[in-house]
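The values are calculated or read from the model by the stated rules, or taken from the named source; none is laboratory data. Everything quoted here is computed from the prediction, not taken from an experiment. Note that we place each Cβ from the backbone using ideal geometry, even for glycine, and neighbour counts take in every protein chain shown. Heavy atoms of the whole protein, side chains included, go into the accessibility calculation; ligands, DNA and RNA do not. Shrake-Rupley method; radii C 1.70, N 1.55, O 1.52, S 1.80 Å.
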Amino acid sequence: MSVTTIPSPAPRKVNRIGLDAAAYRGSKTTLCAGCGHNAITERLIEAFYELGIEPYRVAKLSGIGCSSKTPAYFLGSASGFNAVHGRMPSIATGAVLANRTLITVGVSGDGDTASIGIGQFVHLMRRNLPVIYIIEDNGCYGLTKGQFSATADLGSKLKTGVINDLPPIDTCALAIELGATYVARSFSGDKKQLLPLIEGAVAHNGTAMLDVISPCVTFNDHDGSTKSYSYVKDHEAPLEDVSFVPFFEDITVDYEPGTAKEVALYDGSRLVLRKLPEGYDPTDKVQALRVLNEAQEKGEVVTGLLYANSQRPTFIDLLNLVDEPLCQLPESRVRPPRSVLDEVMEELR
Amino acid sequence: MGSASTVITEKESQPSRKRVVNDLSIQVATVNGSGSQSANLILLRAIFQMGIPVSGKNLFPSNIEGLPTWFTIRASRRGYIARCAQVDLLVAMNPETAAEDVRGLGPGAAVVYDQKLDLASLRKDLTFYPVPFDSIVAPICPDAKLRKRVRNMIYDGVVAWLLGIDLAELERAVRKQFKRKVKAADLNWKAVLAGYDYAQGNFEKTDPFHVERMNRTQGKILIDGNSAAALGCMFAGVTVVSWYPITPSSSLCESLIDYMKRYRIDRETGKATFGIVQAEDELAAIGMALGAGWGGARAMTSTSGPGLSLMAEFAGLGYYTEIPAVVFDIQRVGPSTGLPTRTAQGDILAAAFLSHGDTCHPLLFPASAEECYGMALEAFDLAEELQTPVFVMSDLDIGMNLWMADPFPYPEKPLERGKVLTAEDLNRLDSFGRYKDTDHDGIPYRTLPGTNHPSAGVVTRGSGHNEMAQYTERPEDYVRNMDRLIRKFETARSLVPRAVIEDEPEANFGIVACGSSHWAVMEARDQLREEYGLNASYCRVRAFPFDTGVRNFIQRCRRVYVVDQNRDGQLCSLLRLDAEPADTVKLRSVRHYKGLPIDARTLTNSIISLEAPA
């Protein structure tokens, strides 16, 4: 006779606001097995869980493409908006103006951003609108079966043998140039780096632009592609080691003087950057652009936090918006009194 | 009843030297960039202040400086404020067009002109008043740079003497125009007086045109439709505005910016209760409005034809995602360089069905400044009630010209924010389906992002969704959603502003028109009755979908003339789609598409030619 002991359930693991990881999941992914985008989704789930942010406070926005399906796969109880191709930035702008208290995450792809959406992308960067903008960058159009996108590298080869003969648009360089205030490049396969970069983006106030190389296993993961897992693994050149220290954890990070830099973020959190190249200052725009250009020349994929600036006013600051969400202002604050109409009518007589 | 071959105009029937009082049309022909706008507005305002119904129309080129521009001022004791094709008094300031302008006049007209143009030899049947503008302006305005502008004020003085405009009213109008710029007002007033004195000292009045004080403008205001719409938006509580500059719509958002900066800054904090963004293009402009509408703000954009085309994709997404937004379309003529500064009603069909797939949008048609204001208020309520983009179809004529209007009433109705569920509402409900037709009116309930409730969050997406807002491509789900959307559009029929109908007891036929055509129709109905003995019932459509009154009107009429300011009879086409099949044959299209506002005489003649074909 055997005795079965029923194990007592393991204590449910919860975050600082008492929610378990399941609260941060969304519906099941419908992307290809092994798609880099799924790994990014996982990091987003982890980041919001770790930060202890209530999902309802988040708005998830996207355009069109494989990448743009992903908002359905994380934070299932948050509101989302799957917009039209290349136009997520304008939806984001409207949504943030309507409700400045939302934490807005826009997920886009390289076609959605760098081709059809380049106009809206650059203007979002200029405005420094407080949003997290993630490009899931695989250098091709997955959903229409693998055509090149505008981030495909010169000389990269399609499965069909077609060689890309146009230079890529470097979305990070553009973002830095135009005024985004938190710019990073990462790799979907680099968990350790991507998670703190996303956490840092959430803690930042202003446009946080993350270009995440995310291989398309179906159409762009072969020899000759510069956006394949093996190519990116071989050519990734991390600028630094990144770790994130949230505002709610009282941690002092020990490091040898001169071996690390701290980037203070809006909500009191910090990014600690170790093993930076000597003299690298992430607030130096010119230097950041030079590093990107040099990496491009060498055929390297430079990753990590490239640029951060906490000084530039956000679009919300520039518009001098009231603190409360505009969408919640009562009638008494948005409809001027009768005396105002009388005054205007009198002037028109 | 008269026949087409005996058409005579009202003016031609009068003996040419009989006094014509408070019934004239002045045209000022200038070069744009010469600063004539102030002089023209002052003239218009002075006549208005004398109690005479007046309207002004600026016919201008797409240019900043150097091309011909015309401003017409019509004074009408009967209250006609449509454009009048006939010009009674021409002020010819533009050497380029002067000869052609003079040749185009009807017999008996008067011409005030720059003496050096030597126009008097061109016609024997006109009255000419040559004015040496340069020698009059030089001593008044020593600053040569200012002279180009100030010399225009001289014709105000000349015209005032010729017509008998009250000098006190003219001075009041000058002072109003220059507001606190006292020195500028003084200088310009001096020029007006110099013109007046010159005319008094040198001319003998031989034309028949006069203005005399009456009391038909008391209490009224003068405003352009775009400013009126902007006021409506402010009092509608708009909070997010996105726009891209385009003539003739820019002045709507520019006026709005001025008003909001004055009246919508929080007293205590000094902060704005609104966000206005000049977008990178119209695709972004409507995207921002929809993003904000989705977020729960009262949001709008304003554009004109080319911009409307760019908004097409998002308009469809707005329709299917069911997001409120207000889009002002200040209509103009054609794409690209296609007469961008000329008026038309060219976007009616494009707006009604804007986008791809099956879409239909509510349209509102303001006919006046009052309605630009009132319909702006209504549009925001409708957009939120119906959860859909609503288009306000103004045009260049209403939007950019100055109109007499009754002072606008303060909105009595509280804001109608539509079916929005809060977290507390959700707690009381068993379930929430974003696209469920709970009330059987086709209008579902929505939640706003940021609502603290586990079932509040939905992913908003295109047409492929079920009642729970989940992605689906199932045929049943798709059809159910499509059919509900049509139910919603039927609901809209009863919510939109009703047509204004004036039935004539012994009507020969009916007229249907919308928007700025209204003023020509009013006048044409009088012409038809007085000159031809024809009674026309009138239905002024104020919205699409048409309310049932429109259908009934067509049913009652023997024939219906549908007035359009476009080539293709777009309003007529929409009515054909909506009318009972047996009634569609009654509809006769009357079209005006010259880039100029429609005038009554053209309309009357068109109807007569169709009534009694030669």
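So in the stretch A:220-240, with the set limited to residues that are in a strand (DSSP E or B) and open to solvent by less than 60 Å² (accessible area, probe 1.4 Å), which one is farthest from A:V291 (Cα to Cα)?
A:E236
If you take just the helices (runs of 4 or more DSSP H) that sit entirely in the stretch B:300-395, which of them hold at least 3 residues that are open to solvent by 10 Å² or more (accessible area, probe 1.4 Å)? Please lay out each step first, then the result.
Values: elements: B:305-310, B:312-321, B:348-352, B:369-386.
Result: B:305-310, B:312-321, B:369-386.
Residues in the stretch B:202-249 that are open to solvent by 20 Å² or more (accessible area, probe 1.4 Å) and assigned to a helix (DSSP H, G or I): how many?
Residues that pass the stated criteria total 1.
Could you tell me which residue of the stretch A:55-78 is nearest to the other protein chains (Cβ to nearest Cβ), considering only residues that are outside any helix (DSSP H, G or I) and open to solvent by 10 Å² or more (accessible area, probe 1.4 Å)?
A:S77
Pairs only if they're at least six apart or on different chains, beta carbon under 8 angstrom, first in the stretch B:165-192 and closer than 26 Å to B:V21 by Cα, second among the aromatic types (F, W, Y); list them, first residue then second.
The qualifying pairs are B:L167/B:Y196; B:E171/B:W189; B:V174/B:W189.
Any chance you could count how many residues in the stretch B:452-500 are of a type outside the set (A, V, I, L, M) and more than 14 Å from chain A (Cβ to nearest Cβ)? Before the answer, list the steps.
The first filter runs over the stretch B:452-500 and keeps only residues of a type outside the set (A, V, I, L, M), leaving B:452-455, B:457, B:460-467, B:470-478, B:480-481, B:483-484, B:487-491, B:493-494, B:497-498.
Retained after the next criterion (residues that are more than 14 Å from chain A (Cβ to nearest Cβ)): B:467, B:474-478, B:480-481, B:483-484, B:487-491, B:493-494, B:497-498.
Result for the stretch B:452-500: 19.
For the stretch A:287-349, please list each of the helices (runs of 4 or more DSSP H) lying entirely inside it that holds at least 2 residues being of a type in the set (A, V, I, L, M, F, W, C).
A:315-319, A:338-348
Checking the condition assigned by TED's automatic domain parsing to the domain that holds B:F178, part of a loop (DSSP other than H, G, I, E, B) and modelled with pLDDT of 95 or more, which residue from B:P107, B:P95 passes? Break it down into steps so the answer makes sense when it comes.
Details: B:P95 fails: modelled with pLDDT of 95 or more.
Just a single option satisfies the conditions, and that option is B:P107.
Answer yes or no as to whether B:E412 is out of contact with any Cys (no Cβ under 6 Å at 6 or more places or on another chain) and in a helix (DSSP H, G or I).
For B:E412, the condition - out of contact with any Cys (no Cβ under 6 Å at 6 or more places or on another chain) and in a helix (DSSP H, G or I) - is not met.
Of all residues being open to solvent by less than 40 Å² (accessible area, probe 1.4 Å) and touching a Gly at 6+ places or on another chain (Cβ under 6 Å) in the stretch B:556-600, which is farthest from B:L364 (Cα to Cα)? Just the residue, please.
Among them, the one singled out is B:C557.
Go through (1) facing another protein chain (nearest Cβ under 8 Å); (2) open to solvent by 10 Å² or more (accessible area, probe 1.4 Å); (3) among the hydrophobic types (A, V, I, L, M, F, W, C) one by one and return the number of the condition B:A284 breaks.
(2)
Inspect the stretch A:265-287 for any residue being within 14 Å of chain B (Cβ to nearest Cβ), open to solvent by less than 20 Å² (accessible area, probe 1.4 Å) and either acidic (D, E) or within 30 Å of B:W294 (Cβ to Cβ) (or both) and give the result as yes or no.
Scanning the stretch A:265-287 turns up no residue that is within 14 Å of chain B (Cβ to nearest Cβ), open to solvent by less than 20 Å² (accessible area, probe 1.4 Å) and either acidic (D, E) or within 30 Å of B:W294 (Cβ to Cβ) (or both).
Look through the stretch B:235-256, keep the residues that are in contact with a Pro (Cβ under 8 Å, 6 or more places away or on another chain) and within 17 Å of B:R417 (Cβ to Cβ), and return whichever of them is farthest from the other protein chains (Cβ to nearest Cβ).
B:A236
Before we move on, is B:G346 in contact with a Pro (Cβ under 8 Å, 6 or more places away or on another chain), away from chain A (no Cβ under 11 Å) and closer than 26 Å to B:A513 by Cα? Spell out how you get there, then give the answer.
Values: in contact with a Pro (Cβ under 8 Å, 6 or more places away or on another chain): no; away from chain A (no Cβ under 11 Å): yes; closer than 26 Å to B:A513 by Cα: yes.
Answer is no for this residue.
Only residues that are of a type in the set (S, T, Y), at pLDDT 95 or above and open to solvent by less than 30 Å² (accessible area, probe 1.4 Å): list them for the stretch B:437-485, please.
If the condition is that a residue be of a type in the set (S, T, Y), at pLDDT 95 or above and open to solvent by less than 30 Å² (accessible area, probe 1.4 Å), then B:T447, B:T451, B:T460 are the ones that fit.
Look at B:P139 and say whether it is of a type outside the set (A, V, I, L, M, F, W, C), open to solvent by 20 Å² or more (accessible area, probe 1.4 Å) and assigned to a loop (DSSP other than H, G, I, E, B).
Working: of a type outside the set (A, V, I, L, M, F, W, C): yes; open to solvent by 20 Å² or more (accessible area, probe 1.4 Å): yes; assigned to a loop (DSSP other than H, G, I, E, B): no.
So B:P139 does not fit the description; no.
Mind listing whichever residues of the stretch B:194-227 are away from chain A (no Cβ under 14 Å), among the aliphatic types (A, V, I, L, M) and touching a Leu at 6+ places or on another chain (Cβ under 8 Å)?
Listed by number, the residues that qualify are B:A199, B:V211.
Counting just the residues of the stretch A:8-40 that are within 14 Å of chain B (Cβ to nearest Cβ) and in a helix (DSSP H, G or I), which one comes out farthest from B:A423 (Cα to Cα)?
That would be A:A22.
From the list B:G225, B:G195, B:G157, B:G164, which residue is more than 32 Å from the chain's Cα centre (by Cα) and either at pLDDT 95 or above or aromatic (F, W, Y) (or both)? Don't jump to the end; show me each part of the working.
Details: B:G225 fails: more than 32 Å from the chain's Cα centre (by Cα); B:G157 fails: more than 32 Å from the chain's Cα centre (by Cα); B:G164 fails: more than 32 Å from the chain's Cα centre (by Cα).
The unique qualifying residue is B:G195.
Using the structure shown, decide if B:E268 is more than 7 Å from chain A (Cβ to nearest Cβ), open to solvent by 10 Å² or more (accessible area, probe 1.4 Å) and among the acidic types (D, E). Please lay out each step first, then the result.
Working: more than 7 Å from chain A (Cβ to nearest Cβ): yes; open to solvent by 10 Å² or more (accessible area, probe 1.4 Å): yes; among the acidic types (D, E): yes.
Taking the combined requirement at face value, the residue satisfies it.
When you check B:T273 against the structure, is it under 19 Å from B:F235 (Cα atoms), surrounded by fewer than 24 Cβ atoms within 10 Å (Cβ to Cβ) and of a type outside the set (K, R), yes or no?
Details: under 19 Å from B:F235 (Cα atoms): yes; surrounded by fewer than 24 Cβ atoms within 10 Å (Cβ to Cβ): yes; of a type outside the set (K, R): yes.
Yes, satisfied.
Inside the stretch A:79-127, can you point out the residues that are basic (K, R) and either open to solvent by less than 10 Å² (accessible area, probe 1.4 Å) or part of a helix (DSSP H, G or I) (or both)? Even if it seems obvious, please write down each step before you answer.
In the first step, residues of the stretch A:79-127 are kept if they are basic (K, R); the result is A:87, A:100, A:126-127.
Across the stretch A:79-127, the qualifying residues are A:R126, A:R127.
Out of the stretch B:407-430, which residues are within 32 Å of the chain's Cα centre (by Cα) and more than 19 Å from A:P336 (Cβ to Cβ)? Write out each step before concluding.
Looking only at the stretch B:407-430, we keep the residues that are within 32 Å of the chain's Cα centre (by Cα), and these are B:407-419.
Those that are within 32 Å of the chain's Cα centre (by Cα) and more than 19 Å from A:P336 (Cβ to Cβ): B:G418, B:K419.
Every residue in the stretch B:411-436 that is surrounded by fewer than 18 Cβ atoms within 10 Å (Cβ to Cβ) and over 19 Å from B:A297 (Cα atoms), please.
Answer for the stretch B:411-436, where residues must be surrounded by fewer than 18 Cβ atoms within 10 Å (Cβ to Cβ) and over 19 Å from B:A297 (Cα atoms): B:E412, B:E424, B:D425, B:N427, B:R428, B:L429, B:D430, B:S431, B:G433, B:K436.
Tell me yes or no: at least one residue of the stretch B:399-406 is surrounded by fewer than 16 Cβ atoms within 10 Å (Cβ to Cβ), under 22 Å from B:I221 (Cβ atoms), within 13 Å of another protein chain (Cβ to nearest Cβ) and under 26 Å from the mean Cα position of the chain (by Cα).
yes
Does any residue in the stretch B:45-70 that is outside any strand (DSSP E or B) come within less than 6 Å, Cβ to Cβ, of a residue that is among the acidic types (D, E) six or more places away or on a different chain, and which pairs are these?
Close Cβ pairs satisfying both conditions: B:A46/B:E169; B:Q49/B:E169; B:M50/B:D166; B:M50/B:E169.
If I ask for residues that are over 25 Å from the mean Cα position of the chain (by Cα) and either over 28 Å from B:Q331 (Cα atoms) or assigned to a loop (DSSP other than H, G, I, E, B) (or both), which ones from the stretch B:250-280 would you list? Step through it out loud before you land on a result.
Taking the stretch B:250-280 and keeping what is over 25 Å from the mean Cα position of the chain (by Cα), we get B:264-275, B:280.
B:R264, B:I265, B:D266, B:R267, B:E268, B:T269, B:G270, B:K271, B:A272, B:T273, B:F274, B:E280 - these are the residues of the stretch B:250-280 that are over 25 Å from the mean Cα position of the chain (by Cα) and either over 28 Å from B:Q331 (Cα atoms) or assigned to a loop (DSSP other than H, G, I, E, B) (or both).
Hey, B:G457 hits all of (1) in contact (Cβ under 8 Å) with a residue 24 or more places away in the chain; (2) outside the structural domain of B:T343 (by TED's automatic domain parsing) but one; which does it fall short on?
With respect to (1) in contact (Cβ under 8 Å) with a residue 24 or more places away in the chain; (2) outside the structural domain of B:T343 (by TED's automatic domain parsing), B:G457 is out only on (1).
Which residue is farthest from B:L290 (Cα to Cα), if the candidates are limited to the stretch B:427-444 and must be away from chain A (no Cβ under 14 Å) and touching a Ser or Thr at 6+ places or on another chain (Cβ under 8 Å)?
B:S431
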